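Quick notes on the structure that follows.
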Amino acid sequence: MRIKYIIVLVLFLYGKAFVAQNKSTKLDKFLSFKEYIAYVKKHHPLIKQANLQLSIGEANLLKSRGGFDPKIEIDYDKKKFKNTEYFEQLNTTFKIPTWYGIEFKANFEENTGVYLNPNLTVPEGGLYSAGVSFSLAQGFLINERMATLKKANFFVAQSRAQRELMVNNLIFEASIAYFKWLEAYKEETIYNRFLNNAQIRFKGIKRNVELGEKAAIDSTEAKIALQTRKLNFEAAKLKARKAKLKVSNYLWIDKIPLEIQENILPLFPNDEVLSTSLILKEKNNQGYLLKNHPKLKSLEAKVDGLKVDRSLKRNKLLPKIDFQYNFLASDASQLNNFRATNYKAFMNFSFPLFLRKERGDLKLTKLKLQETNLELTSAALTIQNKIDAIEIEINSLEKQKGLINSIVSDYEVMLKAEERKFELGESSLFLINSREQKLIASELKANALSIKALNANVKLYNTYGLSNLD
């Protein structure tokens, strides 16, 4: 089964390579950045884990809505001792909670027994009641049930924001890994090219030494240059292999980890691919992106939840006044049997004299709210400053890339001129190696700057908190 999935992945990712045949029958297989990111978004286990965050928020919302579910309660109590039935009590209730602390209730009770409490005496067929219970002060405009449901809605928003941040960080880390692989591959290519030059030069000088046209020391110097290039090439090849393995960590399909094959190469993404894969086309609308930043949305949801807590704590400062009124009837077959002359009423009043617990809870909630508001303000400013710094970095790197490319071109001209002078006997192998080393250093610098520019773009993506999974 594993082999089957690997074959499917290879065919899908590199189908173009299998189709595109050239005259030399050589096939180039590439894993483009666009294909790579698409696979990460679709198959990485962390994406599924991120989706679970949203499911948890929705489950909590469903749970909080349960506080408003209608409820049936049945109480049955009986006592019999030495053939004497002390009492038998049956009490059934159907309750319908509503938003503003009002609860509608229908009840049936039937009580019998020798030692039954007189106030529990009911007609022979039982007693029906229908009524309402509510709170006048504490618990009317807001109560625990209402607060839980409101906070659950904000928790869903937090879960959604957390999901977006998890996806964003995954794409960021996967992109950085791909760019490191690309950088290492480019280094390997650079060293391989100059290794070939060193091999050709060494063979030519060795032949000239054998013919007596060059001194033996020139052969030694060429050999040292060749061995140095081989050493650099092996180090670059090792670096590329390690980077490729790290990229493989982000490739999965149907919970099966995949490994990139040796003949698969990375592709340098152009601006269009980079912009599409990282959703950076929207970066010009900075105000919209900041307003909808998942971290800020999460903090805003947290602030809203604390505001609900603050309202609930304030409500706790009010006295607790609970009322209950029930119409009574011995026959519930018709509604007009429930008359105002037959009723049962209940009232409860309580009020702490010092309110120290309530005032303390309210103060703590206000402090938490103040702290979160400060965190929100600080986070917004930090994100804005970070975006500005990255955009400055991107612009600077573009200028540096232009300069280093010009330097590379100049070094290539100087190396070719030095090689021409060497052919004419007006230069030395030492000068050629020196020119070549500077060219290698400048090409490596150009490669590093190109990767820095890619990393800067993906850092901008990360800072904006983008995570579109489409």
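Between region 145-174 and region 66-116, how many Å separate their Cα centres?
Each part's Cα centre sits 42 Å from the other's.
Which sequence of Lys41, Lys230 reflects their accessible areas, 1.4 Å probe, from the largest down?
The residues order as Lys230, Lys41, largest area first.
Starting from the Cα-Cα distance between Phe323 and Tyr100, subtract it from 0.36 nm times their residue separation and give me the gain in nm to one decimal.
78.9 nm
What's the center-to-center distance, using Cα atoms, between region 411-449 and region 252-276 in Å?
If you average the Cα positions of each part, the centres end up 35 Å apart.
Counting only protein heavy atoms, what percent of the accessible surface of region 415-455 is carbon or sulfur at a 1.4 Å probe?
Reported share for carbon and sulfur atoms: 55 percent.
Cβ neighbours within 10 Å, averaged per peptide: list 247-257, 378-388, 151-161, 63-73 in order, most packed at the top.
Listed from highest to lowest mean packing, they are 151-161, 247-257, 378-388, 63-73.
How large is the translational diffusion coefficient of region 203-275 in µm² per second when you combine the Kirkwood radius over alpha carbon pairs with Stokes-Einstein at 37 °C and 0.692 mPa s?
Approximately 201 µm²/s, per Stokes-Einstein.
Going 7 Å from the Cα of Asp331 toward and past its Cβ, which residues in region 95-124 have a backbone nitrogen under 16 Å from where you end up?
Hits in region 95-124 for Asp331 at 16 Å: 123-124.
Rg to Rh ratio, region 163-303, alpha-carbon atoms and Kirkwood radius?
Rg/Rh: 1.25.
So which chymotrypsin sites (Phe, Trp or Tyr not before Pro) in region 331-369 are both in a DSSP loop and have at most 12 other Cβ atoms within 10 Å of their Cβ?
Phe354
What accessible area per residue, rounded to a whole number of Å², is obtained for region 182-325 using a probe radius of 1.4 Å?
Accessible area per residue, region 182-325: 56 Å².
On the accessible surface of region 38-187, probed at 1.4 Å, how many percent belong to carbon and sulfur atoms?
C and S atoms contribute 55 percent here.
Want the number for Ser396 to Lys242: 0.36 nm per residue separation, take away the alpha-carbon distance, what's left?
Here the segment from Ser396 to Lys242 would lengthen by 52.4 nm.
Would you rank Leu328, Leu353 by solvent-accessible area, highest first, keeping every protein chain in place and using a 1.4 Å probe?
Leu353, Leu328
Treating the angle as unsigned and between 0 and 90°, give the value, to the nearest 10°, between the Cα long axis of helix 2-13 and the longest Cα principal axis of the chain.
70 degrees
Once the whole set of protein chains is in place, how much accessible area is left on Ile102, using a 1.4 Å probe, in Å² to the nearest 10?
That residue has around 50 Å² of solvent-accessible surface.
Please list Thr372, Thr276 in order of solvent-accessible area, largest first, computed with a 1.4 Å probe with all protein chains present.
In descending accessible area the options line up as Thr276, Thr372.
Please list, by residue number, every one of the GluC sites (Glu not before Pro) in region 222-282 that is coil in DSSP and has at most 11 other beta-carbon atoms within 10 Å.
Of the GluC sites (Glu not before Pro), the ones in loops of region 222-282 whose Cβ has at most 11 other Cβ atoms within 10 Å are Glu262.
May I ask for the angle, rounded to the nearest 10°, between helix 356-423 and the longest principal axis of the chain, with both axes built from Cα atoms and the value confined to 0 to 90°?
10 degrees
Calculate how steeply helix 45-65 sits against the longest principal axis of the alpha-carbon atoms of the chain, using the helix alpha-carbon long axis, and give the answer as 0 to 90 degrees to the nearest 10.
Between the helix axis and the principal axis of the chain, the angle is about 10 degrees.
Would you check the accessible area of Leu46, probe 1.4 Å, heavy atoms only, in square angstrom rounded to 10?
Roughly 50 Å² of Leu46 is accessible to a 1.4 Å probe.
From the cross-link list Lys416/Lys445; Lys71/Lys307; Lys399/Lys445; Lys295/Lys386; Lys42/Lys295, which pairs have alpha carbons spaced over 25 Å apart?
Long pairs (Cα-Cα over 25 Å): Lys71/Lys307.
Of the chymotrypsin sites (Phe, Trp or Tyr not before Pro) in region 163-229, which ones lie in a loop per DSSP and count no more than 12 other C-beta atoms within 10 Å?
Answer by residue number: there is no such site.
Of [x] 26.5, 85; [y] 21.9, 70; [z] 38.8, 133, which is the value of Rg and Dmax of the Cα atoms in Å derived from the coordinates here?
Matching the structure shown: [z].
Roughly what % antiparallel, to the nearest 5, for the DSSP beta bridges in the chain?
Antiparallel bridges make up about 95 percent of those DSSP assigns within the chain.
The values are calculated or read from the model by the stated rules, or taken from the named source; none is laboratory data. This one's a predicted model, so the numbers in the text were calculated from it and none came from an experiment. For neighbour counting, all protein chains shown are included, and Cβ atoms are generated from backbone atoms with ideal geometry for every residue, glycine included. Note: areas computed on protein heavy atoms with side chains; ligands, DNA, RNA excluded. Shrake-Rupley method; radii C 1.70, N 1.55, O 1.52, S 1.80 Å.
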